[in-house]
Structure formats: C-alpha cells, structure tokens
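Colleague: Below you will find the structure I want to go over with you.
Computed from the coordinates by the stated procedures, all read-outs in this text should not be read as laboratory data. Worth saying up front: this structure is predicted, and the values here are computed from it rather than measured.
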Amino acid sequence: MEMELLAAGFGGQGVLMIGQLVALSAVDENKYALFFPSYGPAMRGGTANCTVIIGDNPIGSPILNEHEHIIVMNNPSFTKFEPLVKKGGHLYVNSSLVSEKSTRTDIQVHYIEANDLAEKAGANVAANIVMLGGLLKISQFSAYAVAEKSIQKKFASKGEKVVQINLSALKAGFEKA
C-alpha cells in the first residue's frame, strides 16, 4: 500500500503539522514515510505545503507530478493544486475558507468546513486536524487509534486540554467525511 499526500495553505494553518502527523502515524505502524516540507520566508501568512508519501516499501523520491490526495486550506492553494490531483484521486477542501468549487468530474471532492468544526471542537486553530480526520476516514492511511496516539505524542507538551481539543477535531473531521 502506498499513499501520496500534498497538504497546502498559508503558513500558520498547520499544513506541515498534517504532514508530520501522517508520517508519524505511518512510522508507528512500521511503514516507510517520507515528509517533504516547502514554505516561504514568512512563517505565518506565507505559503506552505508539504508532500508525504507512505508505503510498505522504501520510497525513492518525494517528487511527484500528481498526487492521490490533496488537502487545500485556502483559495490560492485550491487554484494552484486542484489540477494536480490524480484522476480518481481525492481533493479535500476547507470549505470554511475556500469559496472555489471544483468542476473536475474525474476526482472525488470532499468539502469539509474545517474551521467551523474546529471551533465546535474547542479551537479554530485545530482546522488542520479536522482535515486530517477527513483524510484518515477516506484514505485509511492509518488505524484511527494510531492517529490518536500520534496526536497525543505531538501535542503532549502543550497540555491535556490541547490534546483533547485536537482529538475532538480529529473525530469531527473523521465523522464529517
């Protein structure tokens, strides 16, 4: 099994965190994982994206022309990356912030109101984790319990309240998808 992901948005939206959590979950399940971040000079407000490839065999290169799964958190990312979803692939759109609609009929588009669901889970900044939950449900890149464990590890230093908000956000995205 191999899964290819590109996550994109503005700096500060947590797109690199999505990639890190996908890779961490894969490693926890003894899979190979490649995480390849790309971001502009400004951390908050600049562009940010990452490519993650996970699989049962060693991964040769992070360079892909098309991706099986793409998460877009804002309109510029939608415009730039929607054409790069492989035929038969999945586009995950943060419909709280992205007003664009896909006209492609050869892909599956999942509109997830990530910011709204994150707010209900306890923090608007967890919109990335809501999108991660949607990706988890559709792609099954990992077992749900393993993804929960990865979130607990990654956010443990920020306190139990932050961990619980992110676990709630993961569940909200998973259920929405």
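Colleague: Residue by residue, what Karplus-based ³J(HN,Hα) values in Hz, rounded to whole numbers, does region 130-146 have, using 6.51, -1.76 and 1.60 with θ = phi - 60° and x for Gly and Pro?
Modeller: 4, 5, 4, x, x, 4, 4, 5, 6, 8, 6, 5, 7, 6, 4, 4, 5
Colleague: Of the beta bridges DSSP finds with both residues in the chain, what % are antiparallel, to the nearest 5?
Modeller: Roughly 55 percent of the DSSP beta bridges within the chain come out antiparallel.
Colleague: Next up: Averaged across orientations, what area in nm² does the convex hull of the alpha carbons in region 66-159 project?
Modeller: 6.4 nm²
Colleague: Which entry in (i) 40, 38, 34; (ii) 42, 35, 29; (iii) 58, 41, 35 is this structure's computed Cα extents along the principal axes in Å?
Modeller: Of the labelled values, this structure produces (i).
Colleague: In terms of modelled amide H atoms, which long-range or inter-chain residues lie less than 5 Å from the amide H of S95?
Modeller: Distant-sequence amide H within range of S95: I112, E113, A114.
Colleague: In addition: In the structure displayed, which of K31/K161; K31/K149; K101/K171; K154/K176; K80/K171 lie more than 20 Å apart, Cα to Cα?
Modeller: K31/K161; K101/K171; K154/K176; K80/K171
Colleague: I've got another one for you. Under the rule of -39500 (n - 2.57) per DSSP H run of 4 or more residues, summed and divided by the residues of the chain, what mean residue ellipticity at 222 nm is obtained, to the nearest 500 deg cm²/dmol?
Modeller: It lands at -12500 deg cm²/dmol.
Colleague: Bin width 10 Å, alpha-carbon pairs only: give the P(r) of region 15-108 as whole percents, running from 0 to the bin holding the largest distance.
Modeller: Cα pair-distance distribution for region 15-108, in percent: 15, 44, 33, 7.
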